[in-house]
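Only one structure is covered here, and it is reproduced in the block below.
The values are calculated or read from the model by the stated rules, or taken from the named source; none is laboratory data. All values derive from a computational prediction rather than experimental measurement. Cβ sites come from the backbone with ideal geometry, for glycine too, and all protein chains shown count toward neighbours.
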């Protein structure tokens, strides 16, 4: 095989054993990698309706047939599991050097089952798997954990993915951190790792499998760099201070941004987050191997006290830990990012859990007696960092917030549920579905819940906003005209479906969407060429898109096996009942009846019945007929 290892490692933590499963080429052509591969093993190897913290749950680190090789957009990996937030499919993606080391480990996926009796870390060196004592690491943050393990194994050619105190304490939205600030965030994958008593996964040495056409791969890289220089979106994310400095895109007119738990859209302190102010904290690019994008930047709020390596920041953090909680202080937002990296907390779910608590506090549902004496008004800066620490350690009021917005609102009662902004138990992201209705459709129907990269944003296609080159690549997908970003209608669903499927295909290949069609450098045909030069397969754009479609189908099947129904495909009530207050999209609100019609249309386009269950013909179309017994049980519970 070229480009991948053809081996899956199964690691049983309960008895400290491991075995290798070898899959044939046809299997890889169906389950190429990422969440597609992970969902296959969750369906095959776990019983239905176990709790996410049950030792029988799997924690899957997965590459793909192309990921981990040196090329633009390839330094990625996924972590797939049953989510402790949603109790459905959980997938978190991360970029960085750990993904390349996973490919060099000799395995395409590492699948952990069971639970170690005491804390352990995993060492994989030249394909040998060792399960070792981690008592000396337990309680330490991700930076110190990484340093100790690097020193133990010689610093060179060592990559560490670790949990912090949040993962150890089973904070339901804990992350896994590699290379000190590359976050596998969302869905609580770090807490599943903690539930298995695994502190870190260390990869050392190894050799990447050969690629089919090394010269061809180099040529694609050179072409990527050349094309990138004429792509305004790619250059905007590459040039310092990078794509985390985006708040000033949400001007008085666009209503792009959620402010104060989506009570507002216009952030009065937007000037405090101007792009030039971010540059004051810039300390370099956190580059990924083989990729010229340089999406992640080091933005250090205190160079005298904070190591540069823990300050890498992703795009989403700025919104959730800034305007979403009324935080006017850019430096404090960056300090919050560092705290999340060290403690191993997803800053997206954290931000919306904090804004939920602030909304409850301002509406009298929570008082200082409930919050350990903290004033939790929007914009109260002094309590943010202490509360993050308390959540990670489950201290006092932090113990409640460590459960996430859904469970916290249920425990608080007294209408707190009205302020808990989540879908399927997974907290929202900072991009407003009322102004971007394709995003809204994605938030509602996606198996993984709200996600920044659910599809290319409606803003790009709007009549008045968006990048000038948006339609150049989009026309190849059948999107021929711009559409108002807040328009709701079944005729818009076809745009969402193809935009969602193309990024789902990128997720199946662990290919960065920040390098991909339709608005960045790679075209769909160029991605097919990329697959060819790495694997040697005669492939096509059709096969690429089908990976994305199959990923959506198999994840849907998993969630429905776990008890999800059409009732779970809905947005928080706020977006149906409260309208946008500012700008040219003022008074925009999602009409629930019209929105439900778009969901019904989407079901039909996906080959699902009215209960959202894939039809038999759909299963045959995606080589998923082996799930017929599961579908039979699902239909028995959900008669049309």
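Observations
- Test: residue in the range 308-326 that is surrounded by fewer than 22 Cβ atoms within 10 Å (Cβ to Cβ), assigned by TED's automatic domain parsing to the domain that holds residue 398 and touching a strand residue (DSSP E or B) at 6+ places or on another chain (Cβ under 6 Å): yes
- The number of residues in the range 121-162 being buried (at least 20 other Cβ atoms within 10 Å of the Cβ), outside any strand (DSSP E or B) and touching a helix residue (DSSP H, G or I) at 6+ places or on another chain (Cβ under 7 Å) comes to 4.
- As a summary of the residue check, residue 399 satisfies the conditions (1) farther than 16 Å from residue 324 by Cα; (2) touching a residue at least 40 places away in the same chain (Cβ under 8 Å) except for the one numbered (2).
Per-residue answers, yes or no, for (1) at positive phi; (2) within 23 Å of the chain's Cα centre (by Cα); (3) in the same structural domain as residue 93 (by TED's automatic domain parsing):
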| residue | (1), (2), (3) |
| --- | --- |
| 492 | no, no, no |
| 503 | no, yes, no |
| 510 | yes, yes, no |
| 517 | no, yes, no |
| 523 | no, yes, no |
| 529 | no, no, no |
| 542 | no, no, no |
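- Residue under evaluation residue 467, criteria (1) closer than 23 Å to residue 325 by Cα; (2) in the same structural domain as residue 504 (by TED's automatic domain parsing), criterion not met: (1)
- Going through (1) modelled with pLDDT of 95 or more; (2) over 25 Å from residue 39 (Cα atoms) one by one, residue 513 falls short only on (2).
- Sole residue being closer than 26 Å to residue 564 by Cβ and either within 19 Å of the chain's Cα centre (by Cα) or touching a residue at least 40 places away in the same chain (Cβ under 8 Å) (or both), chosen from 75, 92: 92
- Screening the candidates 336, 274, 279 for the property of being surrounded by fewer than 24 Cβ atoms within 10 Å (Cβ to Cβ), touching a helix residue (DSSP H, G or I) at 6+ places or on another chain (Cβ under 7 Å) and either in the same structural domain as residue 402 (by TED's automatic domain parsing) or at pLDDT 95 or above (or both) yields one hit, 274.
- Residues in the range 430-454 that are in a loop (DSSP other than H, G, I, E, B) and under 14 Å from residue 186 (Cβ atoms): 10 in all.
- Residue match in the range 440-455 (condition: over 17 Å from the mean Cα position of the chain (by Cα) and more than 20 Å from residue 86 (Cα to Cα)): no
Residue-wise test of (1) surrounded by fewer than 24 Cβ atoms within 10 Å (Cβ to Cβ); (2) assigned to a loop (DSSP other than H, G, I, E, B); (3) in contact (Cβ under 8 Å) with a residue 24 or more places away in the chain.
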site	(1), (2), (3)
167	no, no, yes
193	no, no, yes
201	no, no, yes
209	yes, yes, yes
220	yes, no, yes
230	yes, yes, no
240	yes, yes, yes
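- Considering the range 1-120, the qualifying helices (runs of 4 or more DSSP H), each wholly inside and each with 2 or more residues that are over 23 Å from residue 206 (Cα atoms), run over 25-30, 34-45.
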